[in-house]
Amino acid sequence: MLEVRGLNVSYGGIRAVKGIDLDVAEGEMVCLIGANGAGKTSTLKALARLLPATGTMSYRGQSLSEWQVHELVSNGIALVPEGRGIFSRLAVEENLLMGAYSRKDRPLIQQDMEHVYHLFPRLYERKKQQAGTLSGGEQQMLAIGRAMMSRPKLLLLDEPSMGLAPLMVQKIFETILSIASTGVTILLVEQNAKLALEISDRAYVLEGGLLTLSGEAGKLIKDPRVRHAYLGE
Ligand code: ATP
């Protein structure tokens with residue numbers, strides 16, 4: 001579904017991502033783990049066309065490099081950004097509707113809103129509430145819910161666990177799994193390597209802008225190099 005070859009991202013003279021190759025097959029959940037500053041967010045932003053990059057990126061055989069951001073969304077790619085990026089002055093339900101802005105199938109939007117409320121009953125309870133007044137965990141739910149409103153086929157998730165209490169992280173990850181079980185392909189960027197490896201099919205390890213390890217998540221979680229560097233052993 002997604003094929004990336006030789007991806008480079010630079011900030012001025014600093015190379016943050018140094019020619020990485022990455023594949024995600026339809027229906028897979030793949031995670032990209034690595035320490036702070038390894039280049040995970042830069043990779044995801046490049047895929048979402050939010051940062052200039054060189055190399056090739058193709059989605060279902062079409063080059064992403066020529067697409068504008070709105071074309072990504074209408075072709076089934078949605079990003080849940082680091083920091084969530086919700087519209088804090090708008091109500092929960094208005095934020096969700098923003099996620100459907102590119103869609104023309106109005107009658108189905110209400111149905112999808114109900115699906116999001118089913119995934120996150122907390123959002124239903126707070127649908128009229130200003131999004132900026134939600135807790136961090138609820139804002140993360142909203143960011144994921146808003147992305148789901150575009151009916152994504154490929155969901156790019158950037159650090160969904162960031163800044164959340166363990167119970168909330170667990171809830172968010174359970175929902176990510178349930179989204180994956182409906183056939184949505186997921187590329188997950190996470191600093192919480194343990195959780196990410198536990199729920200993913202495959203994983204890539206990024207260090208200083210380079211991919212150093214990759215493989216089945218179940219194997220990597222047992223790899224001594226991963227256990228030492230990312231699982232605190
Ligand atoms: P984090 O978990 O902290 O977000 P990350 O693995 O996602 O880490 P990136 O945010 O992609 O890493 O950063 C990769 C490198 O690029 C780092 O050295 C970072 O300092 C640098 N970088 C990121 N954003 C910018 C920017 N806007 N301007 C300059 N350098 C940047």
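The values are calculated or read from the model by the stated rules, or taken from the named source; none is laboratory data. Since the model is a prediction, treat every value here as computed from it, not as a measurement. Because the Cβ atoms are built from the backbone with ideal geometry, glycine has one as well, and the counts that use them run over all protein chains shown. Only protein heavy atoms, including side chains, enter the accessible area calculation; ligands, DNA and RNA are left aside. Shrake-Rupley method; radii C 1.70, N 1.55, O 1.52, S 1.80 Å.
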Taking only the alpha-carbon atoms of the chain, what semi-axes of the equivalent ellipsoid follow from 5 times the gyration tensor eigenvalues under a square root, in whole Å, largest first? 28, 21, 16
Just order 155-167, 56-68 by mean Cβ neighbour count inside 10 Å, highest at the front, would you? 155-167, 56-68
Per 10 Å bin, what is the whole-percent P(r) computed from every C-alpha pair distance within the range 1-118? 11, 37, 33, 17, 2
Describe numerically, in nm with one decimal, the distance between label points set 7 Å from Cα along Cα→Cβ at Gln110 and at Asp201. 3.6
Among Ile176, Thr212, His115 the positive-end extreme of the charge dipole of the chain (Cβ point charges): His115
Helix-only estimate, please: 222 nm mean residue ellipticity of the chain, summing -39500 (n - 2.57) across DSSP H runs of length 4 or more and dividing by its residues, to the nearest 500. -10000 deg cm²/dmol
Computed lengthening from Thr56 to Thr212, 0.36 nm per intervening residue step minus Cα-Cα distance: 54.2 nm
Would you mind telling me the share, in percent, of accessible area of the range 44-125 contributed by carbon and sulfur at probe 1.4 angstrom? 53
Which value, in debye to the nearest 20, gives the size of the charge dipole of the range 55-159 about its Cα centre, when Lys and Arg are +1 and Asp and Glu are -1 at the Cβ? 260
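Give me the net charge for the shell around Ala25: Cβ to Cβ below 12 angstrom, other residues only, Lys and Arg +1, Asp and Glu -1.
-3
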Where the centre of each part is set by its Cα atoms, how far does the range 26-41 sit from the range 157-199, in angstrom? 11
Could you run the Karplus curve 6.51 cos²θ - 1.76 cosθ + 1.60 with θ = phi - 60° over the range 62-72 and give me ³J(HN,Hα) per residue in whole Hz, x for Gly and Pro? 9, 6, 6, 4, 8, 8, 7, 4, 5, 6, 4
Separation in nanometres of the label points that stand 7 Å from Cα toward Cβ, at Ala165 and Ser181: 2.5
Go through the range 50-58 residue by residue and turn each phi into a ³J(HN,Hα) via Karplus (6.51, -1.76, 1.60, θ = phi - 60°); whole Hz please, and just put x for glycine and proline. 9, 9, x, 8, 10, x, 10, 9, 10
Any idea what the relative contact order of the chain is, in percent, if you count C-alpha pairs under 8 Å spaced at least 6 apart? 28
Accessible area per residue, Å², the chain with all protein chains present, probe 1.4 Å: 46
Karplus-derived 3J(HN,Hα) from phi for the range 190-203 (6.51 cos²θ - 1.76 cosθ + 1.60, θ = phi - 60°), whole Hz, x at Gly and Pro, runs 8, 8, 7, 4, 4, 4, 4, 5, 5, 9, 8, 7, 9, 9
